[in-house]
Each structure stands twice: as C-alpha cells, then as structure tokens.
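Everything on this sheet refers to the single structure shown next.
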C-alpha cells in the first residue's frame, strides 16, 4: 500500500494532512523563517539554507526573500535561475525549471490542485507537474497552474494566468494566457 507521500508524488489523490507530510512542511517552514526573517540578505548563511531547502536546485540559484514553498525537494532548477521577491512555489509534485530563467515579483507556481467535487475536496488533493524551459522570463504577478509546460525561450507577460501549455519561443499574456506572437523568428 502506498504512503500518502508516494501518492502525492505520483499525482494520485492523497491526504495532505498526513503526519509525514505535515512534518516535512513544518521542517520547510523553519528553513523559510530563517531565509525570510533571520538572514533575509543573500550571504553564506542564506546559501547554506537554500542548499538544505532546495537540494535539487543548481547552486547558481538566486532567491530574493521573502520566498515560500511547500517541500523544496520537488523544485529542480538549472543554473542561473532568479526568483524576485514574494514568489510562491507550491511544489507538491516535481517542478522542473531550466537554465537562465527569471521570475518577476509575486510569481506563483502551483502543482497542487483539488477535486471539483466539494465533498471530496474537504479532505484530499492531487498534483500535476510543471515544466519551464530554458531562457524564460516570467513577468511579475504571473500564476502558473498545475500541469503546465512552458517551452524554451518564452516570455510570459506580467499578470498572466498560465492554464495551458505555451510552445517554445512564444510571448504569452493575459488571463488565461494566450500566445500573441512568436519570438526569435
């Protein structure tokens, strides 16, 4: 029988208030408190915190506090990734970020989602992965929804809500985000 964590990581319906998952989120909150309150500036201490918090992220990752995530270990990033202030990453499942990706302030990335049935969603949720290619710029106040893939070389305009995949080398804007033109042609 699968654990709730295994179900979460496999994209199956799971119970988020499982003791193991709650303990993992509490551990992360302690790291985030240190990053967002105690250290707050990028220095050796904050880099050590980030290595513990995000073990699958490249060492050339820059996060401007405050920052929030659920588990940390589901965030996989290439090098030269920059998160501006107030970014929220709900990483109940794998989030893969390529190289040279820049996130504006207040960008939210969600993998967690809930059943549409009101009774069911009182107790369970499920997850869908998010993939962001190389050389992307995600404008401030953008929301990236569960299950979305953003191709290499994309720019997502500020305030966009990305609900569907965006093909490589596209400029996408709006709510919901729509491709308005191809880039690099």
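Some notes on this structure:
- Test: residue in region 114-127 that is touching a helix residue (DSSP H, G or I) at 6+ places or on another chain (Cβ under 9 Å), surrounded by fewer than 18 Cβ atoms within 10 Å (Cβ to Cβ) and without any contact (Cβ under 8 Å) to a residue 60 or more places away in the chain: yes
- Among the residues listed as 159, 98, 133, 147, the single one being at positive phi, buried (at least 18 other Cβ atoms within 10 Å of the Cβ) and within 17 Å of the chain's Cα centre (by Cα): 147
- Test set (1) surrounded by fewer than 17 Cβ atoms within 10 Å (Cβ to Cβ); (2) not in a loop (DSSP other than H, G, I, E, B) - residue 89 fails condition number: (1)
- Residue check, residue 20 surrounded by 18 or more Cβ atoms within 10 Å (Cβ to Cβ), at pLDDT 95 or above and either in a loop (DSSP other than H, G, I, E, B) or in contact with a helix residue (DSSP H, G or I) (Cβ under 9 Å, 6 or more places away or on another chain) (or both): no
- Residue 5 vs. criteria closer than 17 Å to residue 126 by Cα and in contact (Cβ under 8 Å) with a residue 12 or more places away in the chain: yes
- Residue 36 falls short on exactly one of the conditions (1) assigned to a helix (DSSP H, G or I); (2) in contact with a helix residue (DSSP H, G or I) (Cβ under 8 Å, 6 or more places away or on another chain); (3) under 23 Å from residue 141 (Cβ atoms), and that condition is (2).
- Near pairs, Cβ below 6 angstrom, 6+ apart or cross-chain, from region 56-78 (within 12 Å of residue 98 (Cα to Cα)) to any residue that is modelled with pLDDT under 95 and assigned to a strand (DSSP E or B): 77/61
- Selected residue (criterion: farthest from residue 129 (Cα to Cα)) from residues of region 39-64 that are under 15 Å from the mean Cα position of the chain (by Cα) and in a loop (DSSP other than H, G, I, E, B): 64
The values are calculated or read from the model by the stated rules, or taken from the named source; none is laboratory data. Since the structure is predicted, the reported quantities are computational estimates derived from the model, not experimental observations. Positions of Cβ are backbone-derived with ideal geometry, glycine not excepted, and every protein chain shown enters the neighbour counts.
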